[in-house]
Amino acid sequence: RPESRQNPFKPAVRIRNQVIVELMLATGLRRGEVLKLKLGHLPQGPKDTLTVERAPDEKGDSRRNEPAVKTREREIPIPKALALALWRYVQKARKTGTHSYLFTSQRGGTPLDVSGLDGIFRCLVRRCFPELRGKLHPHNIRHTFNNRLIERARELGWSDSQLQKVQAYLNGWTEGSVMPEIYSTDGTQARQWY
């Protein structure tokens, strides 16, 4: 929580960092997908989904190492509370720049880069969770998302086929991909982080 006394971040980036972690937990987005999100990808009006778009070699991306979207384009439903938190971040805490990327650095409003996103997790580990050194990083959050999805599917009584189709779509994998099997069996390490 941004207002927590135990929050390890500078006040200027607390809201941004909170919504990044919440977004990753709620959607399973990869690091590059989070960094390539633009303001126009956010839910607005009756739209209750977040757009994930492939845009390799984008001319407007000023980052030295442009983040990559490795998965398929898709529309991901997100909870209303998360949509509101994202818009609150945009209106109150986002440092503006000459681009439309959602997450920005406090240094001049440039698009947040991979090292900045990784730094959020390094800071969390160093200052709050030293016992997770070498174990907590952005990709673990993707495993956590998939573990939660699997548990919810079981609660709802979904078949394996239903789960794999939903899991493939939400993660941006092609239908018939082996990735659902990998994420279904590799979840023990990530399960403990939520």
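The values are calculated or read from the model by the stated rules, or taken from the named source; none is laboratory data. Small disclaimer: the values here were computed from a predicted structure and weren't measured. Neighbour counts are summed over all protein chains in view; Cβ atoms, including those assigned to glycine, are modelled from backbone coordinates with ideal geometry. SASA here: full protein model, heavy atoms, side chains in, ligands and nucleic acids out. Shrake-Rupley method; radii C 1.70, N 1.55, O 1.52, S 1.80 Å.
Points worth noting:
- Measuring with a 1.4 angstrom probe and ignoring ligands and nucleic acids, F145 comes out at about 20 Å² accessible.
- Of the residues A68, I15, L82, the one whose Cα sits farthest towards the positive end of the charge dipole of the chain is I15 (charges of +1 on Lys and Arg Cβ, -1 on Asp and Glu Cβ, taken about the Cα centre).
- For region 1-143, accessible area per residue (1.4 Å probe, heavy atoms of protein chains only), Å²: 55
- The mean sequence separation of alpha-carbon pairs under 8 Å and at least six residues apart, normalised by the residue count of region 71-165, gives a relative contact order of 12 percent.
- Among the listed pairs K36/K80; K47/K80; K47/K95; K10/K92, those with a Cα-Cα distance over 18 Å are K36/K80; K47/K95.
- Cα-based reach from K135 at 16 Å (exclusive), listing aspartates and glutamates while leaving out same-chain residues under 8 positions away: D118, D186
- Euclidean distance between Cα centres, region 1-75 to region 133-169, Å: 19
- Exposure of C123 as accessible area (Å², to 10), given a probe of 1.4 Å and all protein chains: 20
- Amide H contacts of T104 (H built 1.01 Å from N, under 5 Å, at least 5 apart or other chain): K95, L112
- Ligands, DNA and RNA left out, the accessible area of region 100-184 computed with a 1.4 Å probe is 52% carbon and sulfur.
- Entry note, the chain: the mean residue ellipticity at 222 nm calculated from DSSP H runs of n ≥ 4, each adding -39500 (n - 2.57), is -13500 deg cm²/dmol after division by the residues and rounding to the nearest 500.
- Oblate is the label for region 1-84, because a/c, from the alpha-carbon gyration tensor with a ≥ b ≥ c as root eigenvalues, is 1.5 or above and a/b does not exceed b/c.
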